[in-house]
């Protein structure tokens with residue numbers, strides 16, 4: 001079981017979580033619980049750190065922010081004790097949750113299950129601090145924002161759990177963001193591959209890395225609401241376990257995209273390296289890329305996207321490399337969004353992308369970049385059209401609730 | 001260097017501490033810094049725990065409250081980094097600060113100095129989380145309230161520090177509490193033995209256990225003000241290093257004392273065991289004890305003191321043991337205080353105690369219990385006379401500032 005920050009935001013909610021855990025124990029299950037920091041705590045600590053020094057040592061950043069989950073897991077163990085449930089807390093270094101040395105965004109390298117198994121087999125609930133691990137030199141590491149989902153799935157894989165229940169503030173994975181359309185529908189099931197695309201294309205319900213691990217280890221993950229645990233939830237499962245494969249099962253979006261176009265660059269081998277090398281060095285996360293067909297075989301245009309917050313740095317890096325690249329002009333737009341349609345059924349249904357382009361065109365929405373994979377199509381559009389586009393596509397692909 | 005909670009209460013104060021540390025580094029010193037939690041944090045965490053379950057598991061209590069020092073030591077390491085000073089944090093388990101398994105009030109068992117020494121020798125400031133250690137089974141332990149002083153002295157002893165500077169919100173150890181008399185004087189030096197009595201008899205400037213360790217390992221401890229570090233401070237030193245040995249060097253007091261009298265108990269062997277056995281079982285901290293001379297060889301009265309907060313429990317334990325003890329009546333008074341005069345010079349000056357009794361008598365203050373050692377005299381008086389008694393004694397023993 002994993003509970004996010006809003007689920008443990010205060011003592012009443014922690015007591016409520018303890019009751020949900022007790023219910024599982026009373027059913028005869030061995031339970032490991034992963035918790036996030038109380039809502040707001042991590043942001044508060046990050047602010048203190050940034051106020052002191054934005055160039056902080058990430059090892060110390062991790063030491064400070066990991067305290068949030070430490071508090072919650074101790075408190076939940078105490079709340080369980082108050083209900084007569086045997087429980088003990090595990091911090092990242094106590095499990096141990098071994099990670100890489102990339103502090104502040106470490107990757108899990110392994111969870112030796114001996115300590116956790118000994119705890120579970122003694123009839124004790126293991127209450128685990130999410131988000132944190134231990135890196136080289138016994139230093140505390142953290143997995144990056146939202147990392148508690150990943151902790152939970154990695155623990156579930158390590159102890160070979162029958163089920164990994166991710167309790168959150170929504171009651172499952174929806175066909176799209178219910179804040180954009182009330183016609184969004186909760187899915188009973190979603191294939192790992194679809195969930196991976198949904199998460200990486202903007203759906204915030206699960207951290208992308210957690211879905212990767214779930215897929216890799218075939219961990220049955222269920223997304224449930226802490227506040228309405230009987231609502232049903234959504235089960236992540238193998239593609240084969242999904243009977244009716246619609247062409248599109250979900251629509252994701254991501255605001256905060258920026259677009260940069262380099263005009264009239266030389267159409268020669270090595271030009272991509274000349275552009276994206278400096279951007280990689282500057283730590284820019286380049287996403288979609290499109291290069292126009294050269295009209296004269298000499299000069300062409302190239303457009304790519306990056307997170308809006310990285311736009312200024314990206315432009316600076318490109319200007320510094322202007323001579324090596326040889327572009328005539330740079331244009332950029334900070335107000336873009338990415339809309340994606342996702343579905344494993346897409347493989348068997350031709351014309352899915354075409355329907356998307358037609359629908360957006362009919363609404364007068366201009367598409368500047370397109371990127372596709374076997375089970376998704378993403379398009380870049382002006383941010384102001386996000387709601388309109390999502391609602392239109394949700395309806396056209398027959399995802400609206402009856 | 002050790003900094004308490006008020007010295008690291010917010011980011012500005014943490015920056016100020018970083019500056020004080022940098023000053024020592026710039027002087028060419030290797031520095032280890034021990035920090036407490038930001039003022040108020042520990043109380044906040046303790047309240048959360050008690051609200052959940054007053055019968056909490058002390059192991060989980062320790063996991064939760066240790067997070068306070070974890071935050072501060074990470075933040076101070078970052079603040080030092082911002083000043084260009086190389087620094088890294090050490091949590092209790094990382095040093096390791098090995099302690100007993102008495103969670104929530106663990107005793108330090110040893111600090112293997114290898115990790116700290118390696119850090120210092122690499123020219124890096126070791127920023128240490130006070131108050132916390134690691135007990136059996138790699139569980140986090142804490143040393144009890146005020147334990148950061150003890151952490152600091154234990155670390156100083158382990159790394160054979162030349163000096164252990166305890167920075168606090170007062171500029172040294174005073175002849176008595178300056179809030180009671182403005183004539184209280186800061187001492188340049190105080191003998192370990194005197195400081196031990198002062199601390200255990202109510203002076204709050206240092207935790208008693210820290211003075212014990214300093215005395216045992218001959219760690220030169222200096223008490224200084226964070227906010228006025230050049231004010232001079234007080235040095236704890238060997239008795240031999242103090243030239244002028246006044247009969248009384250300090251006056252301590254402790255409010256919140258309670259007195260219990262058992263009237264007409266049988267004057268027979270084993271009666272003390274019959275009384276104090278049940279009190280020990282109930283966890284009552286009995287302090288001063290006086291037994292009257294029996295007038296007829298058959299029945300006598302016995303009076304003892306305990307902390308006011310334990311009075312109700314003490315009376316309950318005694319009532320349950322009424323038959324075994326055989327007292328005729330119990331009386332109690334919850335409004336008592338203990339006043340103590342302390343000085344190593346007392347050994348060489350007879351009549352010091354007599355002067356105390358006479359002074360209090362002249363002020364009309366009734367003494368109900370007396371307890372003495374080689375270098376202190378303590379008396380129990382009604383709490384309302386504390387200020388009067390302290391001021392009178394401070395003057396009579398020539399401690400007033402000129």
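The single condition from (1) within 14 Å of chain A (Cβ to nearest Cβ); (2) more than 26 Å from the chain's Cα centre (by Cα); (3) surrounded by 16 or more Cβ atoms within 10 Å (Cβ to Cβ) that residue B:117 fails is (1). Considering B:209, B:186, the condition of being touching a residue at least 40 places away in the same chain (Cβ under 8 Å) and more than 23 Å from residue B:40 (Cα to Cα) is satisfied by B:186 alone. Here is a check on your reading of the model: is residue B:68 surrounded by 22 or more Cβ atoms within 10 Å (Cβ to Cβ), more than 24 Å from the chain's Cα centre (by Cα) and within 12 Å of chain A (Cβ to nearest Cβ)? Against the criterion (surrounded by 22 or more Cβ atoms within 10 Å (Cβ to Cβ), more than 24 Å from the chain's Cα centre (by Cα) and within 12 Å of chain A (Cβ to nearest Cβ)), residue B:68 does not qualify. Can you find even one residue in the range B:251-259 that is surrounded by 15 or more Cβ atoms within 10 Å (Cβ to Cβ), without any contact (Cβ under 8 Å) to a residue 24 or more places away in the chain and touching a strand residue (DSSP E or B) at 6+ places or on another chain (Cβ under 9 Å)? Within the range B:251-259, not a single residue is surrounded by 15 or more Cβ atoms within 10 Å (Cβ to Cβ), without any contact (Cβ under 8 Å) to a residue 24 or more places away in the chain and touching a strand residue (DSSP E or B) at 6+ places or on another chain (Cβ under 9 Å). Is it true that residue A:123 is in contact (Cβ under 8 Å) with a residue 24 or more places away in the chain, at positive phi and more than 8 Å from every other protein chain (Cβ to nearest Cβ)? For residue A:123, the condition - in contact (Cβ under 8 Å) with a residue 24 or more places away in the chain, at positive phi and more than 8 Å from every other protein chain (Cβ to nearest Cβ) - is met.
When each of B:366, B:285 is tested for being within 30 Å of residue B:398 (Cα to Cα), surrounded by fewer than 18 Cβ atoms within 10 Å (Cβ to Cβ), free of Cβ contacts under 8 Å to residues at least 60 places away in the same chain and touching a strand residue (DSSP E or B) at 6+ places or on another chain (Cβ under 8 Å), the lone residue that passes is B:366.
Inside the range A:129-150, residues that are within 14 Å of chain B (Cβ to nearest Cβ) and in contact with a helix residue (DSSP H, G or I) (Cβ under 6 Å, 6 or more places away or on another chain) make up a count of 7. Going by the structure shown, is residue A:269 free of Cβ contacts under 8 Å to residues at least 12 places away in the same chain and on the phi < 0 side of the Ramachandran plot? Taking the combined requirement at face value, the residue satisfies it.
Considered as a group, the residues in the range B:71-94 that are buried (at least 24 other Cβ atoms within 10 Å of the Cβ) and assigned to a loop (DSSP other than H, G, I, E, B) include one that is nearest to the other protein chains (Cβ to nearest Cβ), and that residue is B:91. Considering the conditions (1) under 16 Å from residue B:142 (Cβ atoms); (2) more than 9 Å from every other protein chain (Cβ to nearest Cβ); (3) assigned to a helix (DSSP H, G or I), residue B:37 is excluded by exactly one of them, (3).
What do you reckon, is residue A:8 within 14 Å of chain B (Cβ to nearest Cβ), under 19 Å from residue B:140 (Cβ atoms) and in contact with a helix residue (DSSP H, G or I) (Cβ under 6 Å, 6 or more places away or on another chain)? No, not satisfied. Scanning the range B:147-164 for residues that are surrounded by 24 or more Cβ atoms within 10 Å (Cβ to Cβ) and either over 14 Å from residue B:99 (Cα atoms) or touching a residue at least 60 places away in the same chain (Cβ under 8 Å) (or both) returns B:147, B:148, B:149, B:150, B:151, B:152, B:153, B:155, B:156, B:164. When residue B:44 is tested against the conditions (1) over 24 Å from residue A:55 (Cβ atoms); (2) modelled with pLDDT of 95 or more; (3) at the interface with chain A (Cβ under 9 Å from one of its Cβ atoms), the lone failure is (3).
Selection of the range A:8-58 for residues being over 23 Å from residue A:103 (Cβ atoms) and crowded, with 22+ Cβ neighbours inside 10 Å yields A:8, A:14, A:17, A:18, A:21, A:31, A:32, A:33.
Of note, residue B:29 satisfies the criterion of being modelled with pLDDT of 95 or more and more than 13 Å from chain A (Cβ to nearest Cβ). Each residue in the range B:288-321 was checked for being more than 27 Å from residue B:202 (Cβ to Cβ) and surrounded by 16 or more Cβ atoms within 10 Å (Cβ to Cβ), and 3 of them qualify. Residue A:199 passes every criterion in (1) touching a residue at least 60 places away in the same chain (Cβ under 8 Å); (2) under 30 Å from residue A:309 (Cα atoms) apart from (1).
Counting only strands (runs of 3 or more DSSP E) that fall entirely inside the range B:191-304 and contain at least 1 residues that are within 17 Å of the chain's Cα centre (by Cα) and at pLDDT 90 or above, the qualifying elements are B:221-225, B:234-237, B:250-266. Looking at residue B:399, is it part of a loop (DSSP other than H, G, I, E, B) and surrounded by 13 or more Cβ atoms within 10 Å (Cβ to Cβ)? It is true that residue B:399 is part of a loop (DSSP other than H, G, I, E, B) and surrounded by 13 or more Cβ atoms within 10 Å (Cβ to Cβ).
Residue under question is residue B:239, and the condition is that it be surrounded by fewer than 16 Cβ atoms within 10 Å (Cβ to Cβ), touching a residue at least 24 places away in the same chain (Cβ under 8 Å) and in contact with a helix residue (DSSP H, G or I) (Cβ under 8 Å, 6 or more places away or on another chain); does it hold? Spelling it out, residue B:239 is indeed surrounded by fewer than 16 Cβ atoms within 10 Å (Cβ to Cβ), touching a residue at least 24 places away in the same chain (Cβ under 8 Å) and in contact with a helix residue (DSSP H, G or I) (Cβ under 8 Å, 6 or more places away or on another chain).
The values are calculated or read from the model by the stated rules, or taken from the named source; none is laboratory data. It should be emphasised that the depicted structure is a prediction, and the values quoted were computed from it without experimental measurement. Here the Cβ is made from the backbone with ideal geometry for all residues, glycine too, and neighbour counts use every protein chain on show.
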